[in-house]
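The values are calculated or read from the model by the stated rules, or taken from the named source; none is laboratory data. This is a predicted model, so every value here is computed, not measured. Note that we place each Cβ from the backbone using ideal geometry, even for glycine, and neighbour counts take in every protein chain shown. Please note that ligands, DNA and RNA were not included when accessible areas were found on the heavy atoms of the full protein model with its side chains. Shrake-Rupley method; radii C 1.70, N 1.55, O 1.52, S 1.80 Å.
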Amino acid sequence: MHSMVSQPVVVVNAAPSITKLTLTANRLQGTATDVVGPISRLEFALVGKKSWFPIFPSDEIFDEATESFDVDVTSLVPPGSHLVVVRAYDEAGNRSERTVSR
């Protein structure tokens with residue numbers, strides 16, 4: 001009889017969370033956190049529009065389970081009241097969305 005033992009496989013089904021999300025004047029700010037691995041991508045769009053724009057972490061590197069962001073959206077979000085949706089992805093491809101208004 002033969003047997004083989006493999007390394008544990010981690011399955012991640014939980015999406016990242018987006019907290020501290022604000023849109024004031026021309027700044028979109030918040031924090032994305034994943035329970036296991038690094039955040040791999042952040043993006044935002046005006047609700048009802050098809051174009052998504054990348055967001056980079058404050059330290060400019062996607063390498064941690066918690067990434068804060070602070071983006072100047074002056075050229076992408078017109079003046080006035082708007083809804084903006086932010087998406088956060090982890091390395092496993094899990095995604096969450098959160099909407100904020102100005």
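If the condition is being open to solvent by 80 Å² or more (accessible area, probe 1.4 Å) and outside any loop (DSSP other than H, G, I, E, B), then the range 49-62 contributes only Pro54. Considering the range 12-48, and only residues there that are part of a loop (DSSP other than H, G, I, E, B) and of a type in the set (A, V, I, L, M), the residue that is surrounded by the fewest Cβ atoms within 10 Å (Cβ to Cβ) turns out to be Ala25. A residue that is open to solvent by less than 80 Å² (accessible area, probe 1.4 Å) and either polar (S, T, N, Q) or touching a residue at least 12 places away in the same chain (Cβ under 8 Å) (or both) cannot be found anywhere in the range 4-11.
Restricting the range 63-76 to residues that are more than 12 Å from the chain's Cα centre (by Cα) and crowded, with 19+ Cβ neighbours inside 10 Å, the residue that is farthest from Ile18 (Cα to Cα) is Val73. For the range 20-29: of the residues being within 13 Å of the chain's Cα centre (by Cα) and without any contact (Cβ under 8 Å) to a residue 60 or more places away in the chain, which is nearest to Thr74 (Cα to Cα)? Checked the range 20-29; the qualifying residue nearest to Thr74 (Cα to Cα) is Gln29. Restricting the first member to the range 41-62 and to residues that are farther than 14 Å from Arg87 by Cβ, and the second to residues that are among the hydroxyl-bearing types (Ser, Thr, Tyr), the beta-carbon pairs closer than 6 Å and six or more apart or on different chains are Ser58/Ser68. Count of the range 63-86 residues, restricted to those that are on the phi < 0 side of the Ramachandran plot and in a loop (DSSP other than H, G, I, E, B), is 12.
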